[in-house]
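Below: one structure, written as structure tokens.
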Amino acid sequence: MGNNTLSDGHLILPFEQCNIYKMAFEASDEAIIITTINGPEIHNQTILDVNPAFEQYTGYKQSEIVGKSPDFFICATLRDTYTAYRHRLWRHKKVTMNIGFITKTGETRYSKISSHLFRVNNQYLCITTSQNNADSRKTGNFQAELLRKEHNLREKLEMVEQERCKFLRALVHELKTPLTPMIAMTEMLVYESTGISKEYAETLSKGAGFLLSRINDLYDLSRSEVNMLTIKKEWVSINELVAETKSLEEDNSKLKGIQLRVHPAPTYLKCFIDRERIKQVIINLVNNAIKHNPPGCSVDIITKAAGDNLFITVKDNGVGISAEDQAKLFQPHQIKKSGGLGLGLSLSARIVELHGGSIIVRSKPNQGSKFTICLPACKTQPPFRA
């Protein structure tokens with residue numbers, strides 16, 4: 001090899017004649033291995049030099065592997081892949097691929113390598129670079145640790161949620177147990193009393209009924225949060241359901257001085273829904289409109305069909321709802337500016353969702369509010385059954 005060969009036969013590489021190239025070779029963060037190649041077979045390849053990053057990556061010292069074939073640290077299961085790699089390199093002179101290496105400790109590591117084959121003084125040299133994956137392993141270990149912590153946190157949150165729902169169910173039971181006889185007694189007092197005593201008894205009865213309604217909302221909401229709330233569908237006349245709701249709420253609206261009106265759809269509409277649950281939603285919306293608006297306002301219940309959807313709207317011309325409160329109207333366990341807990345609206349939204357529908361809100365302060373229940377698959381009549 002003439003002037004490029006030392007007396008001991010060591011090939012003098014071009015970058016060994018330039019300190020800058022030598023410094024770059026040794027300082028590189030990528031593992032670099034230089035081999036001589038006389039052909040595409042493994043016995044035609046000999047390790048000529050490796051840099052410190054390669055030593056760190058594989059655990060082999062330069063003195064341990066220089067002069068050897070790279071065959072000893074290639075995974076046995078990847079022999080065919082490595083053979084194909086060498087043949088491609090011999091033909092195309094440049095190859096990039098993923099391959100597995102066996103470190104000195106026996107660990108298998110996979111890396112993306114890039115090999116370049118070129119001639120130096122009638123000798124083929126191959127420079128192969130492989131990114132030192134220490135940082136990748138650290139990142140992988142960090143991600144694995146984050147996933148483990150996230151999994152543990154999720155399990156703890158699920159346990160807390162289960163305990164919370166269990167507590168709510170127990171609380172509902174504790175509250176309803178004494179309330180049931182109280183309601184029965186107040187109803188008896190209403191029946192047997194006269195004059196001012198009857199008025200007091202009626203007030204007590206309404207208060208007990210309201211409390212029972214809120215407790216039932218709390219119970220249903222806790223069931224919905226663990227997917228235990230169910231619906232039982234049947235064909236229901238929507239206009240009849242709305243008229244029934246109006247009759248139940250009419251006394252309440254009159255006491256408040258609010259006019260309650262119904263605007264039924266001109267056609268006879270039937271929808272496949274849970275009658276009592278949807279009535280519960282409408283009553284809740286009407287109750288809220290009566291409760292939160294001053295005397296002299298009006299509340300309108302409007303039904304209509306459009307395409308395959310049914311729309312039931314509860315509209316008022318009262319105080320309206322702020323944007324801040326609208327953002328959390330249907331969120332459970334939120335204290336609204338109005339002072340309400342929002343259990344009824346949260347539960348109403350869940351009931352409508354179980355029907356495949358949604359509730360849409362339009363409101364501005366001092367311009368009234370409009371709550372629209374959208375239910376799918378509205379039909380003018382139930383399917384024929386023989």
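Using alpha carbons only, the radius of gyration of segment 179-222 set against its Kirkwood radius gives Rg/Rh = 1.11.
Under 12 Å from the 7 Å Cα→Cβ point of THR108, by amide nitrogen: which residues of segment 63-89? Output list for this probe position: 74-79. Counted residue by residue at 0.36 nm each, then reduced by the alpha carbon distance between them, the extension gain from ALA27 to TYR268 reaches 78.4 nm. The aspartates and glutamates whose alpha-carbon is closer than 15 Å to the alpha-carbon of LYS304, local same-chain residues fewer than 8 away aside, are GLU240. Multiplying the residue separation of ASN309 and LYS61 by 0.36 nm and removing their Cα-Cα distance gives an extension gain of 81.8 nm.
Annotation: lysines with alpha-carbon distance below 23 angstrom to LYS364 (same-chain offsets under eight excluded): LYS256, LYS291, LYS315, LYS328, LYS336, LYS337.
Taking 0.36 nm per residue of separation and subtracting the current Cα-Cα distance, fully stretching the chain between GLU41 and LEU189 would add 42.9 nm.
Coordinate-derived values only; no laboratory data. All values reported here derive from a predicted model rather than from experimental measurement. Cβ: placed from backbone, ideal geometry, glycine included. Neighbour counts: every protein chain shown.
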